[in-house]
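Just below is one structure, and these are the notes that go with it.
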Amino acid sequence: APSEAMRRAPTAPRRMPAPRLLAALAALSRAGARNALARTPPMGWMSWELFRCSTDCAKDPEGCISEELFRNQTDALVAGGYVAAGYKGIHIDDCWMQRDTDEFKGDSVRFPSGMKSLGDYMHSRGARFGLYTAESPTTCAGYPASKDHEGEHAKLFAAWGVDYMKVDGCGDASYYDHGYKAMGAALEASGRDIVYSCSWPAYLGDNESTKPYATMIMAGCNSWRNWADIQCSWASLSSIIDHWGDYGDVIAPFAGPGHWNDMDMLLVGANCITLEEEKTQLAIWAISASPLIMGNDLRKVPSQSRALLLNRDAIAISQDPLGQMGVRLLGFTSDSPQQVWARRLGTGAVAVVLYNKLGAKSRGTVGPRCPSWHSIQGGRLEACAGGDGDFLLRQLSLGDVADLSLE
């Protein structure tokens, strides 16, 4: 028989005060909606690397930041097969804004049809609309930005049909903790799904272990530029690879579906590095689960570079649904002439990059035959002979990225 205590009616639960309840529900809604976006690293194209802030369309009719440029790049994205391969975003970077007006809008001369019309054109072609602002009074190029206007501007972005926002810094870093959180909340409240790319950590120095990545995730950032801007050179590109290798164990835990470490734009097809260097970049970016955002002129991509960008196996590794970021394996440093990088995939397989920094003329010392892999702490994998000699050259070919296949 039930006890007296069991027969008594249960005490009514204490009610949460209405304002606290509403705040809690709003926070839960925001967290859930943010996590529904960017389940794999974003892919697309961005204007900054080659086109920068060219605004004199009379002198530079093919390359000035204008409605015509982005319509042409949208057409090339489709015609080149990039949209079909997953590169869906056309991202307008800095210098699109109208100066000398209180109204936040596109430059009326260079964007005569308005930003919504341009976004509609991208959508009609199967592409997505990416746009840029900054958490500062002005952008890095001196155009109007979004500091203290996050709510107002987020509503505009949603009304224009924006799908992806790159939000730069460019100002007082003490504002970023408030500003990036405010923009994340404003984008969520806008009523439109807008992937939120934050440049917050790129302004916080070189030491990745001191940056508040957990706070950035909770602020709604779907990806973030961690470190230095990439320049169109191997020196810049290789320094970013070294930085990711040095800090992989620090930043990898914060990468995953909905929030990604961004190594910056792909130089593949920009005609400023060699084809072998392009292969290296695509391989490391894919293994590192970095967004694949091209920084080329889509109208002028060489055929070999295009084939590389469209490589289905490299894209499959990049877009693996498990979303585990790959790292440089223990035993290797940025001074190692050859390195092994690896990423665990959702199938249980492991994707491997063999990175030879010495170039084709010198491959270093090849160690003894390696019959197996050993598991090491954290679930990652290391070549059984370690990082000093055995680069697995006797087991795996250093063939072109275009010849890779997933097993």
Quiz prompt | Sparse-neighbourhood loop sites, GluC sites (Glu not before Pro) in region 33-67 - DSSP loop, at most 14 other Cβ within 10 angstrom | solution = Glu62
Practice problem: Report the accessible area of His149, computed with a 1.4 Å probe over the heavy atoms of all protein chains in place, in Å² rounded to the nearest 10. | Solution: 80
Quiz item: Which one of Thr55, Pro321, Leu282 has its Cα pushed farthest toward the positive end of the charge dipole of region 36-322, where Lys and Arg give +1 and Asp and Glu give -1 at the Cβ?
Solution: Pro321
Exercise. Name the residue farthest towards the positive end of the dipole of region 117-193 from the options Gly130, Ala185, Gly119, assuming +1 on Cβ of Lys and Arg, -1 on Cβ of Asp and Glu, about the Cα centre.
Key: Gly119
Quiz item: Over region 29-174, what lengths in whole Å, largest first, do the semi-axes of the equivalent ellipsoid take, defined as the square roots of 5 times the eigenvalues of the alpha-carbon gyration tensor?
Solution: 22, 22, 14
Practice problem: Provide, for q = 0.15, 0.17, 0.27, 0.28 Å⁻¹, the log10 of I(q)/I(0) from a solvent-free Debye sum over equal Cα point scatterers in region 243-296. | Solution: -0.44, -0.55, -1.08, -1.12
Quiz item: Under the Karplus relation 6.51 cos²θ - 1.76 cosθ + 1.60, θ = phi - 60°, what is the ordered set of whole-Hz ³J(HN,Hα) values for region 238-245, x standing for Gly and Pro?
Solution: 5, 5, 5, 4, 4, 4, 5, x
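What does the convex hull of the Cα atoms come to per residue for region 169-215, in Å³? Spell out each step's value before the answer.
Working: hull volume 3.9 nm³, N = 47.
Dividing the Cα hull volume of region 169-215 by its residues yields 83 Å³.
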Quiz item: Considering only protein heavy atoms, what is the solvent-accessible area of Thr55 at a probe of 1.4 Å, reported in Å² to the nearest 10?
Solution: 50
Exercise. Would you please give the residues with an amide H less than 5 Å from that of Asn226, counting only those at least 5 places away or on a separate chain, with H modeled from the backbone geometry?
Key: Asp262
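Would you mind getting the Kirkwood hydrodynamic radius of region 207-282 from its Cα pairs, rounded to one decimal in Å? Numbers along the way, then the final one.
Values: mean 1/r = 0.0746 Å⁻¹.
By the Kirkwood definition, the hydrodynamic radius is 13.4 Å.
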Exercise. Return the Cα extents of region 36-322 along principal axes one, two and three, sorted largest first, each rounded to a whole Å.
Key: 47, 41, 32
Practice problem: Starting from the Cα gyration tensor of region 107-168, take the square roots of the eigenvalues, sort them a ≥ b ≥ c, and report rounded, prolate or oblate (rounded when a/c is under 1.5, otherwise prolate if a/b is larger than b/c, else oblate). | Solution: prolate
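The values are calculated or read from the model by the stated rules, or taken from the named source; none is laboratory data. Computed from a prediction, not measured in an experiment: that's the story for all the values here. Note: ideal-geometry Cβ built from the backbone for every residue, glycine included; neighbour counts use all protein chains shown. Surface areas here come from the heavy atoms of the whole protein model, side chains and all, with no ligands, DNA or RNA. Shrake-Rupley method; radii C 1.70, N 1.55, O 1.52, S 1.80 Å.
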